[in-house]
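Working notes, structure below.
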Amino acid sequence: IQEIQSAQLLDPLSLITAVALGGCFHRKGRYDAAVERFRAILEMAPTFYHAHWSLARTLEQQGKFDKAVEAFQKANELSGSENPLILGELGHCWGAMSRCEEANELLRELEEMSPRKHVSSLSFALVHLGIGEKDLALEFLEKAYQQRARALVWINLDPRFDSLRSDPRFSNLLSRIGISAAAA
């Protein structure tokens, strides 16, 4: 947090640095501070999709699912409408809301999109995790590892993966990525 605050002093207009600070608050479980940061960014730059996307993740963690869905949808729209990572996270949110029909529709959409553009297996893993299909989520996390999905570096800090932490397959994956399970 201190390093990002220093970066903000050097470049106070950097939106991505401002989002990074909110992301730090999110990963520390300081959700109110994260939401405040993301909303402040959106007041300055209402079309900056990263801020909508990050806000959506935080709202989901707060249990504000309807608002999270809106923010995920806005982020996807502003990013060009077929962002597989945002759609995977939206699918997770649908699953967390027990809206499995919508989550499964997003799985189909991601599958249909995959011949046209790269769809990380992490997106599929998130949707399956949201639905509660842990074995499938772990299978897709393994595929994401094989694809060298760069977003995997964050999974030990992401509360959406909490339900997998006691699974030895998840611990093994963290180890192979080079992340200590105790680092969370």
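The values are calculated or read from the model by the stated rules, or taken from the named source; none is laboratory data. Predicted model only: the values in this text are computed from it and were never measured. FYI the Cβ positions are ideal-geometry reconstructions off the backbone, even for glycines, and counts take in every protein chain you see. Note: accessible area is taken over every heavy atom of the protein model, side chains too, but ligands, DNA and RNA are not part of it. Shrake-Rupley method; radii C 1.70, N 1.55, O 1.52, S 1.80 Å.
Quick notes on this one:
- Accessible area of Arg176 in the full protein assembly, 1.4 Å probe (Å², nearest 10): 90
- Rounded to the nearest 0.05, the FRET efficiency derived from the C-beta distance between Glu111 and Asp167 at R0 = 30 Å is 0.75.
- Label corresponding to Rg and Dmax of the Cα atoms in Å when calculated from the structure given, among [x] 17.2, 51; [y] 21.1, 82; [z] 16.1, 47: [z]
- Dipole-positive endmost among Leu106, Gly95, Gln61 within the chain (Cβ charges, Cα centre): Gln61
- Lysine-lysine proximity count for the chain, Cα under 20 Å, sequence distance 8 or more or distinct chains: 4
- Within the assembled protein chains, the solvent-accessible surface assigned to Thr47 is about 100 Å², based on a 1.4 Å probe.
- Inter-centroid distance (Cα atoms) of region 101-171 relative to region 1-78, Å: 22
- With the cut-off at under 19 Å, measuring from each backbone N in region 18-60 to a point 7 Å along the Cα-to-Cβ line of Ser6 picks out 18-25.
- Pair Arg39, Ser180: separation of 7 Å Cα→Cβ label points (nm): 3.8
- Overall, the accessible surface of region 1-157 at a probe of 1.4 angstrom is composed of carbon and sulfur to the extent of 50 percent.
- Taking every protein chain into account, the accessible area of region 44-184 amounts to 50 square angstrom per residue (probe 1.4 Å).
- Dipole in debye (nearest 20) - region 105-184, about Cα centre, beta carbon charges: Lys, Arg +1; Asp, Glu -1: 360
- Extension gain for the segment Leu15 to His118, taken as residue separation times 0.36 nm less the Cα-Cα distance, is 34.5 nm to one decimal.
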